[in-house]
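Just so it is clear, none of the values below were taken in a lab; they were calculated from the coordinates. The shown structure was predicted, so the numbers you read here are calculated from the model rather than taken from an experiment. Virtual Cβ from ideal backbone geometry, glycine too; neighbours counted across all protein chains shown.
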Amino acid sequence: MSGSVITAEHLDLVFQTNDGPVQALSDVSLEVHRGDFVSFIGPSGCGKTTFLRCVAALEHPTGGRLTVNGMTPDNARQERSYGYVFQAAGLLPWRTIAGNIRLPLEIMGYAKSDQKKRVEQVLALVDLAGFGRKYPWQLSGGMQQRASIARALAFDADILLMDEPFGALDEIVRDHLNEQLLALWARTHKTCLFVTHSIPEAVYLSTKIVVMSPRPGRITDVIDNPLPRERPLDIRDTPEFLQIAHRVREGLRAGQAYDG
């Protein structure tokens, strides 16, 4: 695992609103290496999603420097460097699951034979083999999110951006998907950026945890996670896990105090 994939240097982002300027990000510096799984955690409105949207060229910083695979975010988008998984699965109800996954491949002009092969591969990757002909309404919420992840993986981008994809799911389903996502990451070696409000989720999934303060979003701590790559769910009961969770919690408190 080596090589810098995403580099942010003193990043600022100010939104102009009817009520005046709003600073969403302030002096954010971060380096993400190839194969990292980086979770962003902080209170609502702290700039976690905004940072992901900057990486995806959906927002543009007003200060500082940001590169993705050595390029500007706009160029990285044109090079199809990343797949994006949103909070809601966002599947088109009139398309089958296979049809939804195939959509970006159609837009990008892949040959039909290649589309079929890629759809079958990613369905198997997210344990949805045999569900391609189903429609979204025939799948549970957790299965729909797995289909959304498959869609983001279909064109084999190096980077996977995930904006709190499991936040609306119940705890049992969320635990199961956390296990599946960790296994998927181990198999694909993608670089993952993952937004969450859950401390256990951040600690369980990540090689690195970025703790952010309330707006304007600053990084209050970057924690390199020493837990082994193989992580059964019951690792969450170990002293090592709880110690990292405590540090995350303290970082969040420090951010709140800084804000005050």
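How big is the Kirkwood radius of region 1-84, worked out from every pair of different alpha carbons and given in Å to one decimal? Mind dumping the intermediate values first?
On the way: mean 1/r = 0.0747 Å⁻¹.
After inverting the mean inverse Cα-Cα distance, the result is 13.4 Å.
If exposed means no more than 16 neighbouring beta carbons inside 10 Å and the site is in a DSSP loop, what's the longest run of the chain without any exposed GluC sites (Glu not before Pro)? Don't skip to the end; give the middle numbers.
Numbers: sites that count: Glu79, Glu230.
That gives 80-229 as the longest site-free run.
Divided by 2.2 N^0.38 Å, where N counts the residues, the Cα radius of gyration of region 82-156 comes to 0.96. Over the chain, the ratio between the Cα radius of gyration and 2.2 N^0.38 Å evaluates to 1.01. Considering all different alpha carbon pairs of region 23-142, the Kirkwood hydrodynamic radius works out to 16.9 Å. Computed on region 107-260, with alpha-carbon pairs under 8 angstrom and 6+ residues apart, the relative contact order is 17 percent. Look at the alpha carbon pairs under 8 Å that are at least 6 residues apart: their mean separation over the length of region 82-156 gives a relative contact order of 50 percent.
Here, P(r) means the percent of Cα pairs in each 5 Å bin from 0 to the largest distance; for region 118-260 it is 2, 9, 18, 19, 19, 14, 10, 6, 3, 1, 0. Sorting Thr196, Thr49 from the fewest to the most surrounding beta carbons within 10 angstrom yields Thr49, Thr196.
Only Cα pairs under 8 Å and at least 6 apart count here; give the relative contact order of region 1-75 as a rounded whole percent.
Numbers: 132 pairs, mean separation 29.9, N = 75.
Relative contact order of region 1-75: 40 percent.
A helix-only calculation puts the chain at -12000 deg cm²/dmol for mean residue ellipticity at 222 nm, using -39500 (n - 2.57) for each DSSP H run of at least four residues, averaged over all residues. Give the lysines reachable from Lys134 as a straight Cα distance under 16 Å; neighbours fewer than 8 places away on the same chain don't count. Straight-line reach from Lys134, under 16 Å: Lys116.
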